[in-house]
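Worksheet for the structure shown next.
The values are calculated or read from the model by the stated rules, or taken from the named source; none is laboratory data. Fair warning: this is a prediction, and the values are worked out from it, not measured in the lab. Please note: Cβ atoms are built from the backbone with ideal geometry, for glycine as well, and neighbour counts cover all protein chains shown.
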Amino acid sequence: MTKMHRQSLVSYGQPLCETVVDCPTPRGSEVLVRVERCGVCHSDLHLQDGYFSLGGDKRLDVTAGRTLPFTLGHEIAGVIEAAGEGANQASIGRRVAVYPWIGCGNCPACLAGEENLCANHRHLGIAFDGGFATHVLVPHRRYLLDYLPLSPAFAGPLMCSGLTAYAALKRLTGRPERGPVLLVGLGGVGMMGLAIARALFREPPIVADIDAEKRNAAIAAGAAQAYDPSDPQARKAVMAATGGLFAVCDFVGSEKSLQFSTGVLARGGKVVVTGLLGGNFSMAAVMFAIKAMTIEGTLTGTLAEARELLDLARAKKIAPIPTRDRPLGEAQAALDDLRAGRIVGRTVLSALG
């Protein structure tokens, strides 16, 4: 029997380890995908830690219901290798991006096409084994999306960093007509957001990040202007240049990033928050009415939005972001680099020999 090699979470807060098991046999509607590339996402760090920070000493524990060893990774592109007897039209050899945000199929969110919001979800790499492995088992072929002629290193990250940015930016529809969009945070999701914003909106976005290298990369990728939000004069500079913004996307999700994001809003402005860095954020309640502001959170995107995004990418309307390939065996080193802020763009793991 074929063996499956995995970089596994064996204990929370500890490095990943290689584990080797028999490759699963797909049954019923299941499809087995041989992984070509899997992106390394910041949320993988939270899962490795076993919690999200709620500010101060408070933590949101996310260890329940997950059997160890567990395989992280949800930005997956690969090749269909086998299919269960009920997986009609799952053509062997077909190259696919894997939509990982799989729901229960029965709750109101799932029935509305929002499986990404399912409370009893089966998200790959989150609740069920993901793509830091040579293979991944997908419960149904509907979650497999053709990615050619894109590269697997581009297609895989579209399923999280790209989809998260795309879904968030869609929630700003109409507002960019009043001025530029501000993107706060230039990690993998933020850089993908920059590429997508250039495709969706008439005016190039402006960006903010505390890292000079990432600001320079954003300018090279087409940002109109880049600001350092840790600079005490940055908020005044943004307000002077724009008169206040109507559309901000916060890809960090921390106290400081939200202070900056809300601080540069015009009356009637909106902040969409996708980042999960954590911490607390407080604001005088009266300011919501005085500034007529909106703060909205998003969590990845729907299967329909994933198809829309792939169509945009195939039409060459989205430029690939800087991407580094690393062998699967370097999964922990890639996570360490991400935690230390040493990654510009995205890292993808390759299980291919």
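List the strands (runs of 3 or more DSSP E) that sit entirely inside the range 26-72 and contain at least 2 residues that are assigned by TED's automatic domain parsing to the domain that holds GLN7 and at pLDDT 95 or above.
Output list reads 31-39.
If a residue must be part of a loop (DSSP other than H, G, I, E, B), under 23 Å from the mean Cα position of the chain (by Cα) and either closer than 25 Å to ALA153 by Cα or not assigned by TED's automatic domain parsing to the domain that holds ASP336 (or both), how many such residues does the range 1-25 contain?
Final tally of qualifying residues: 2.
Return the residue satisfying two criteria in turn: it lies in the range 157-176 and is small (Gly, Ala, Ser) and within 22 Å of LEU265 (Cβ to Cβ), and of such residues it is surrounded by the fewest Cβ atoms within 10 Å (Cβ to Cβ).
Among those that are small (Gly, Ala, Ser) and within 22 Å of LEU265 (Cβ to Cβ), it is GLY174.
Do we find that ALA87 is assigned to a loop (DSSP other than H, G, I, E, B) and in contact with a strand residue (DSSP E or B) (Cβ under 7 Å, 6 or more places away or on another chain) in this structure?
Yes: the conditions hold for ALA87.
Which of the residues belonging to the range 107-125 are of a type outside the set (Asp, Glu), in a loop (DSSP other than H, G, I, E, B) and touching a residue at least 40 places away in the same chain (Cβ under 8 Å)?
Residues satisfying the conditions are GLY113, HIS123, GLY125.
Of all residues in the range 32-82 being charged (D, E, K, R) and in contact with a strand residue (DSSP E or B) (Cβ under 6 Å, 6 or more places away or on another chain), which is surrounded by the fewest Cβ atoms within 10 Å (Cβ to Cβ)?
If we take residues in the range 32-82 being charged (D, E, K, R) and in contact with a strand residue (DSSP E or B) (Cβ under 6 Å, 6 or more places away or on another chain), then ASP61 is surrounded by the fewest Cβ atoms within 10 Å (Cβ to Cβ).
Condition first: surrounded by 14 or more Cβ atoms within 10 Å (Cβ to Cβ) and among the acidic types (Asp, Glu). Can you find one or more residues in the range 287-304 that meet it?
No; the residues of the range 287-304 include none that is surrounded by 14 or more Cβ atoms within 10 Å (Cβ to Cβ) and among the acidic types (Asp, Glu).
Identify the residue in the range 192-209 that is over 17 Å from GLY39 (Cβ atoms) and small (Gly, Ala, Ser) and, among all such residues, is surrounded by the fewest Cβ atoms within 10 Å (Cβ to Cβ).
Selected residue: ALA199.
Is it true that ALA241 is within 21 Å of GLU177 (Cα to Cα) and surrounded by fewer than 18 Cβ atoms within 10 Å (Cβ to Cβ)?
When the stated conditions are applied, ALA241 passes them.
Within the range 248-259, can you find the residues that are outside any loop (DSSP other than H, G, I, E, B), in contact with a helix residue (DSSP H, G or I) (Cβ under 8 Å, 6 or more places away or on another chain) and under 29 Å from ASP61 (Cβ atoms)?
If the condition is that a residue be outside any loop (DSSP other than H, G, I, E, B), in contact with a helix residue (DSSP H, G or I) (Cβ under 8 Å, 6 or more places away or on another chain) and under 29 Å from ASP61 (Cβ atoms), then CYS249, ASP250 are the ones that fit.
Please identify the pairs in which a residue from the range 78-91 that is in contact (Cβ under 8 Å) with a residue 60 or more places away in the chain and in the same structural domain as PRO149 (by TED's automatic domain parsing) has its Cβ atom under 6 Å from the Cβ atom of a residue that is surrounded by 15 or more Cβ atoms within 10 Å (Cβ to Cβ) and of a type in the set (Lys, Arg), counting only partners at least 6 apart or on another chain.
GLY78/ARG34; ILE80/ARG94; ALA87/ARG141
Which numbered condition in (1) within 18 Å of the chain's Cα centre (by Cα); (2) free of Cβ contacts under 8 Å to residues at least 40 places away in the same chain is the only one that THR67 fails?
THR67 satisfies all of (1) within 18 Å of the chain's Cα centre (by Cα); (2) free of Cβ contacts under 8 Å to residues at least 40 places away in the same chain except (1).
Return the pair list, or none, for Cβ contacts closer than 9 Å from residues in the range 293-307 that are over 10 Å from LEU163 (Cα atoms) and in contact (Cβ under 8 Å) with a residue 40 or more places away in the chain to residues that are of a type in the set (D, E, K, R) and assigned to a loop (DSSP other than H, G, I, E, B), at least 6 apart or on different chains.
Note: pairs meeting the criteria are GLU296/ARG171; THR298/ARG171.
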